[in-house]
Amino acid sequence: MARVERMRELLSGTLDMEHVKEKTAAGWRLVALEWRRQISGEGPDPETGEDVPYGLRVSADCLGLEEDPMEKQALMLMMEFLVQDRPFSSVAYELNQRDFRTRQGKLWTPVSVFNMLPRLIEVGPQMFSSAEWETRRQNFPKPV
């Protein structure tokens, strides 16, 4: 099987067709163009890398995503406490007490825990079917 070599070049000016011809003559094939522009308004910065879902990270070979063990444990802990019907403030407190931090390195707050709900809904089915969850579930306090 033939190996594929990839290269990314950042442009400091406009696209020079002479450069494209040189690369093509050297055996390279243009496979993508990325466009960007400044826009006004609020929203996430696409340069921050926040498109990687919490609990995952870019793999060492940069070809995919893999589990982030610390973030996975934080998600599991959040889910455990929320299933026990604990308030967001209590969940944030417990995460901070156990030295878990947000991706920005900040302390968890009730709002940051609340903002994780879509991710928890997304990973819930996988989490609930894991052996680790079954073990944790057996240790939940019994309802009175």
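The values are calculated or read from the model by the stated rules, or taken from the named source; none is laboratory data. No experiment lies behind these values; they were computed from the predicted model shown. Glycine gets a Cβ as well: all are built from the backbone with ideal geometry, and neighbour counts include every protein chain shown.
Descriptive notes on the structure:
- When every residue of the stretch 55-76 is checked against the conditions, none turns out to be of a type in the set (A, V, I, L, M) and over 16 Å from the mean Cα position of the chain (by Cα).
- Pairs linking a residue in the stretch 122-140 that is touching a residue at least 24 places away in the same chain (Cβ under 8 Å) and among the β-branched types (Val, Ile, Thr) to a residue that is assigned to a loop (DSSP other than H, G, I, E, B) and surrounded by 10 or more Cβ atoms within 10 Å (Cβ to Cβ), with Cβ atoms under 7 Å and 6 or more positions apart or on different chains, are Val123/Gly55.
- Restricting Asp45, Asp16 to residues that are of a type outside the set (S, T, N, Q) and at pLDDT below 80 narrows the list to Asp45.
- Complete set of residues in the stretch 106-121 that are in contact (Cβ under 8 Å) with a residue 40 or more places away in the chain and of a type in the set (Lys, Arg): Arg119
- Contact annotation: residue pairs with Cβ atoms under 8 Å, 6 or more positions apart or on different chains, pairing a residue in the stretch 70-89 that is more than 17 Å from Trp133 (Cβ to Cβ) with a partner that is part of a helix (DSSP H, G or I), are Pro87/Pro110; Phe88/Pro110; Phe88/Val111; Phe88/Val113; Phe88/Phe114; Ser89/Pro110.
- Checked against (1) modelled with pLDDT of 95 or more; (2) exposed (fewer than 13 other Cβ atoms within 10 Å of the Cβ); (3) closer than 19 Å to Pro141 by Cα, Val111 meets all criteria but (3).
- Candidate set: the stretch 75-104, residues that are more than 18 Å from Val123 (Cα to Cα) and touching a Lys or Arg at 6+ places or on another chain (Cβ under 9 Å); chosen: the one surrounded by the most Cβ atoms within 10 Å (Cβ to Cβ): Leu95
- Leading residue by the ranking (farthest from the chain's Cα centre (by Cα)) among those in the stretch 95-144 that are acidic (Asp, Glu) and in a helix (DSSP H, G or I): Glu134
- Within the stretch 6-30, the residues that satisfy the criterion of being of a type outside the set (Lys, Arg), under 30 Å from Asp61 (Cβ atoms), assigned to a loop (DSSP other than H, G, I, E, B) and out of contact with any Lys or Arg (no Cβ under 8 Å at 6 or more places or on another chain) are Met7, Glu9, Leu10, Leu11, Ser12, Leu15, Ala26, Gly27, Trp28.
- Criterion violated by Cys62 - all others in (1) in contact (Cβ under 8 Å) with a residue 24 or more places away in the chain; (2) within 30 Å of Arg37 (Cβ to Cβ) satisfied: (1)
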